[in-house]
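Before any comments, here is the structure.
The values are calculated or read from the model by the stated rules, or taken from the named source; none is laboratory data. Computed from a predicted structure; not experimentally measured. Methodologically, a virtual Cβ is constructed for each residue, glycine included, from the backbone with ideal geometry; neighbour enumeration extends over all protein chains shown.
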């Protein structure tokens, strides 16, 4: 398995299919480290607070004696409650997000794409006790994450949950990415239509990525990449020579992207 | 057919933004129940944006906008199709008087198995000590090293102590509560490993208990033992058995005997029962921790009958509660042709 599945595909009763990106074991590990730091900080904070109260009441004859004993007990219970309850409380109140997950833009959700139920929150956090074994090394949970297709620890399997990446919400400003230069392909609308018809979404995405990231590439790699892309798109829809004359491979691909993503056709 | 992407986005963007705003409002206030008009509008927008997504995927293939719409539809879908059962308000009295005992009875075989394994362990421990009295130290773990002492010596020492309610009692109580809760949760969750470790934990705890009981009985300290263990043990041990019961339910789910449902479907069926059982065990353990710290450790001989009586009544009450509480009267069956 080893992380072969990177997305959760959901088919709704209405027949709509969509994909949600899954969190990688590494990002989950980072979120866990952040959460552990928060738990540690909270425990210290509360212990100090109880210690302060104990010191403050130490001068009072009976109350001081009671509080000195009660304070130690309360600190032990609080530490346990924070360790067990932190994940439950934050995931329930913040719809599947702890502090670590918020920072790393992760979220726990039902494995069918539904929102998280309180029973699922409780179960996945109780199973943490098993996942973190041996001691607190998370070996069982870690191995489970690596060998399950959807990166689930045992608690996730029992609770029917998984951790997803929160995708960006804003649609891209295509005009800024592609540029506003005149597209010579517009002179052959029937060929533009053929190009759109024959290009798959994955190919369109590849071409767009190449154009938007062209400045990050080494000059040689850039030349080679656009040469191969241009050659491929020329095979899909061959534009006449009078339209493509003088166009570099990169300009050719930019015209293709502009055609695919911007232009209106019949 | 080729989609005019610019026109399409310009025309539909308004609806996408409206749905995003509604979602943001709902996510900010998860417990808020939207008015009917808002719910209807939400449903309409969800269907419209879903339809836009299908159109975009079929006729355009533009990746960024598709991804944007997928995310929007995913969020709306999760809000719209959330499990209605989860929204039933928690009613503590009903849970205590009906849900918990009924759940316990529904899985009584798992409880019997849990209790039986513990008893087998106890028998083994007692038998081992009878066969070889020198083996006591091999059974007692380091954290209970005080149990290595000869029982009659301990009884003599404990009975001479003065009881001080504020000398480490709260700390001791807190330690017991947290430790026992951890053990109970661990007994439950290890059921995921096909119940093997749940049974081992139950057997191990039983062995320890068997060794202690035999040791005290053989030394003629049965009354002390009862007065010491009954007040808190009458709640603490059943709580551990409940953890074992939950663990064995998980193990049964892992094996999937008698059903052709998939693992996740099988777990979905027992999830509520697991939370109920572990919640009940937690309550018992909190009470047991308090009793153990403030009553069980008070070893004045004149109070032994009271302590034993308290423990016995508590145990009987728990048995009656779990066996009968919340039972509904059997409905009269009528014969119809």
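I'd like the residue in region A:86-123 that is in a helix (DSSP H, G or I) and facing chain B (nearest Cβ under 10 Å) and, out of all such residues, is surrounded by the most Cβ atoms within 10 Å (Cβ to Cβ).
A:120
On the given criteria, is residue B:53 facing chain A (nearest Cβ under 9 Å), at pLDDT 85 or above and in a helix (DSSP H, G or I)?
So residue B:53 fits the description; yes.
For the list (1) assigned to a helix (DSSP H, G or I); (2) more than 8 Å from every other protein chain (Cβ to nearest Cβ), I need the number of the one condition that residue B:33 fails.
Only one criterion is unmet by residue B:33, namely (1).
Looking at B:189, B:212 in this structure, which one is crowded, with 21+ Cβ neighbours inside 10 Å, assigned to a helix (DSSP H, G or I) and within 14 Å of chain A (Cβ to nearest Cβ)?
B:189
Do the conditions hold for residue A:15, that is, is it outside any helix (DSSP H, G or I) and either away from chain B (no Cβ under 12 Å) or more than 31 Å from the chain's Cα centre (by Cα) (or both)?
So residue A:15 fails the test.
Which of (1) away from chain A (no Cβ under 11 Å); (2) at pLDDT 95 or above is the odd one out, the single condition residue B:223 does not satisfy?
Of the numbered conditions (1) away from chain A (no Cβ under 11 Å); (2) at pLDDT 95 or above, the odd one out for residue B:223 is (2).
Looking only at region B:280-303, count every residue that is surrounded by 17 or more Cβ atoms within 10 Å (Cβ to Cβ) and over 20 Å from residue B:170 (Cα atoms) and tell me the total.
Total meeting the criteria: 2.
Here's a check for you: in region A:124-149, which residue that is within 11 Å of chain B (Cβ to nearest Cβ) and not in a helix (DSSP H, G or I) is modelled with the highest pLDDT?
Going through the qualifying residues, I end up with A:127.
In the list B:274, B:237, which residue meets the criterion of being more than 8 Å from chain A (Cβ to nearest Cβ), in a helix (DSSP H, G or I) and in contact (Cβ under 8 Å) with a residue 40 or more places away in the chain?
B:237
Spot the failing condition for residue A:65; the list is (1) facing chain B (nearest Cβ under 8 Å); (2) in contact (Cβ under 8 Å) with a residue 24 or more places away in the chain; (3) surrounded by fewer than 17 Cβ atoms within 10 Å (Cβ to Cβ), and only one is missed.
With respect to (1) facing chain B (nearest Cβ under 8 Å); (2) in contact (Cβ under 8 Å) with a residue 24 or more places away in the chain; (3) surrounded by fewer than 17 Cβ atoms within 10 Å (Cβ to Cβ), residue A:65 is out only on (2).
Among all residue pairs at least 6 apart or on different chains, which show Cβ distances below 6 Å where the first residue, located in region B:73-90, is within 8 Å of another protein chain (Cβ to nearest Cβ) and over 13 Å from residue A:110 (Cα atoms) and the second is modelled with pLDDT of 85 or more and part of a helix (DSSP H, G or I)?
B:73/B:49; B:73/B:50; B:73/B:53
Taking the stated definitions as given, is residue B:232 more than 27 Å from residue B:97 (Cβ to Cβ) and in contact (Cβ under 8 Å) with a residue 40 or more places away in the chain?
no
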